[in-house]
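Structure record follows, encoded as structure tokens.
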Amino acid sequence: MREYKIAAIPGDGIGTEVISAGVTVLNKLASLQGGFKLSFEHFPWSSDYFLEHGHYIPEGGLEKLKQFDAIFFGAVGSTKVADHISLWGLRLPIAQGFDQYANVRPARVLPGVKSPLRNGTAETLDWVIIRENSEGEYSGHGGRAHRGLPIETATEVSIFTRAGVERIHRFAFKLAQSRPRKHLTLVTKSNAQRFGMVLWDEVFYEVAKEFPDVKTDRELVDAVTTRMVLKPQTLDVIVATNLHADILSDLAAALSGSLGIGPTANLNPERSFPSMFEPIHGSAFDIMGKGVANPIATFWTASMMLEHLGEAEAGRKLMVAIEKTTEAGVFTPDLGGNATTADVTNAVCRFLES
Ligand code: ATP
């Protein structure tokens, strides 16, 4: 029996609700599928934990996490802690500390789901956004001086290294190569930003020579937003920087129906460290505790986690159960329905059984 150790970090807000739903579905799947077992260990690291202990991750916490096969993460963010403290306290130390440099964000209109786009269907909107996840605009370099004075200064330095850019492009090309359309769009802003973004463009075309079967094109980040809305069918895989892809993938999730659908995988492709799987949405205070959080993003990321662990068949099975659930119209309020998180979870479990 193959056994995988999963660290579950529900975090804040609806993170706790969707991770609990995800664990239910994953355990159901493992029991039906046979052949593998998932053992979950829960970590209580959250903003409440921070307020009580003064830290999100206790000393030795990252060392402990390293022993797991994967991390199943909910959300971080609370009204009681400034966002830059919570993000840099929990999610970023894991993503950066474990060199999870490839952030994979699929977006697709699932069966039965209505896209806000007039022409948004499963045939026209089927993308994967690859976000560089270790440097760029979120590298954490910068500082503030002369606090509180009129001459107060703040810098936020974007870091782009040839090694960092090259590895994300190579990852994106490989992923594009594995998809039927084999198309990769490079998104930068190399007209206004003439150093880091120009390096991105140059390295992209160097790496492209290794992948002659992948079609490529290039778009500025502002222009690609209009293309996403007006010509979704012309996009397949998109590679962009940490900040740009962060924004584009929220748009992609909304265009595919709801922020509650979009999954993400923070991958360390070399497998030197565990990878982390999470929904792209945040802690959504406006709906927390009401039992109506959409768990689909979490189920989808669970399917990606299974694939990463080498259980691709189980991952596919989970995806089919998700699609049958959306096709049957079992929707939480964000998708226009009145189902609860538990209703959607039960529906997915039923479809897994059948
Ligand atoms: P972050 O900055 O952490 O990404 P945010 O505050 O910008 O978070 P979210 O917490 O993701 O954004 O919520 C944005 C909106 O989307 C809210 O109105 C929220 O209710 C809705 N939303 C997000 N996730 C879900 C979900 N799983 N189910 C239903 N609605 C959701």
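Some notes on this structure:
- Val198 in a strand (DSSP E or B) and either surrounded by 14 or more Cβ atoms within 10 Å (Cβ to Cβ) or polar (S, T, N, Q) (or both): no
- Segment 133-147 residues that are outside the structural domain of Phe160 (by TED's automatic domain parsing), paired with ones that are open to solvent by 50 Å² or more (accessible area, probe 1.4 Å) (beta carbon under 7 Å, 6 or more apart): none
- Residue count for segment 308-354, restricted to those that are more than 16 Å from the ligand (Cβ to nearest atom) and farther than 17 Å from Lys114 by Cα: 21
- The residues in segment 51-84 that are out of contact with any strand residue (DSSP E or B) (no Cβ under 6 Å at 6 or more places or on another chain) and not acidic (Asp, Glu) can be counted, and the count is 20.
- Residue match in segment 240-247 (condition: under 24 Å from Leu117 (Cα atoms) and more than 16 Å from the ligand (Cβ to nearest atom)): yes
- Matching entry among Ser47, Ser78 (being polar (S, T, N, Q) and in contact (Cβ under 8 Å) with a residue 60 or more places away in the chain): Ser78
- Output for segment 253-283, where each listed residue is assigned to a helix (DSSP H, G or I) and either under 20 Å from Tyr101 (Cβ atoms) or at pLDDT below 95 (or both): Ala253, Ala254
- Residue match in segment 325-339 (condition: within 22 Å of Asp83 (Cβ to Cβ) and not assigned by TED's automatic domain parsing to the domain that holds Val221): yes
- Under the condition of being hydroxyl-bearing (Ser, Thr, Tyr) and over 21 Å from the mean Cα position of the chain (by Cα), the residues counted in segment 212-230 number 2.
- Residues that are over 22 Å from Ala245 (Cβ atoms), open to solvent by 50 Å² or more (accessible area, probe 1.4 Å), modelled with pLDDT under 95 and not basic (Lys, Arg), drawn from segment 117-150: Asn119, Thr121, Glu123
- Annotation: Leu62 fulfils all but one of (1) within 16 Å of the ligand (Cβ to nearest atom); (2) touching a Gly at 6+ places or on another chain (Cβ under 8 Å); the unmet one is (1).
- Counted residues, segment 284-307 - those being within 10 Å of the ligand (Cβ to nearest atom) and either open to solvent by less than 40 Å² (accessible area, probe 1.4 Å) or touching a residue at least 40 places away in the same chain (Cβ under 8 Å) (or both): 11
- Among residues of segment 1-34, those that are touching a helix residue (DSSP H, G or I) at 6+ places or on another chain (Cβ under 8 Å) and either more than 15 Å from the ligand (Cβ to nearest atom) or at negative phi (or both), counted: 21
- A single entry from Phe68, Phe73 fulfils the requirement of being at pLDDT 95 or above and over 14 Å from the mean Cα position of the chain (by Cα): Phe68.
- Residue selected from segment 1-32 under the condition in contact (Cβ under 8 Å) with a residue 24 or more places away in the chain and surrounded by fewer than 16 Cβ atoms within 10 Å (Cβ to Cβ), by the criterion nearest to Arg316 (Cα to Cα): Leu32
- Against the list (1) under 16 Å from Thr326 (Cβ atoms); (2) small (Gly, Ala, Ser); (3) in a loop (DSSP other than H, G, I, E, B), the condition Ala107 fails is (3).
- Some residue of segment 160-167 being in contact with a helix residue (DSSP H, G or I) (Cβ under 6 Å, 6 or more places away or on another chain), assigned to a helix (DSSP H, G or I) and on the phi < 0 side of the Ramachandran plot: yes
- Annotation note: of Ala107, Ala82, Ala95, the sole residue that is surrounded by 19 or more Cβ atoms within 10 Å (Cβ to Cβ) and in the same structural domain as Gly336 (by TED's automatic domain parsing) is Ala95.
The values are calculated or read from the model by the stated rules, or taken from the named source; none is laboratory data. Everything numeric in this text was worked out from a predicted model, so none of it was measured. Positions of Cβ are backbone-derived with ideal geometry, glycine not excepted, and every protein chain shown enters the neighbour counts. Protein only, heavy atoms only, side chains kept; ligands, DNA and RNA dropped before computing areas. Shrake-Rupley method; radii C 1.70, N 1.55, O 1.52, S 1.80 Å.
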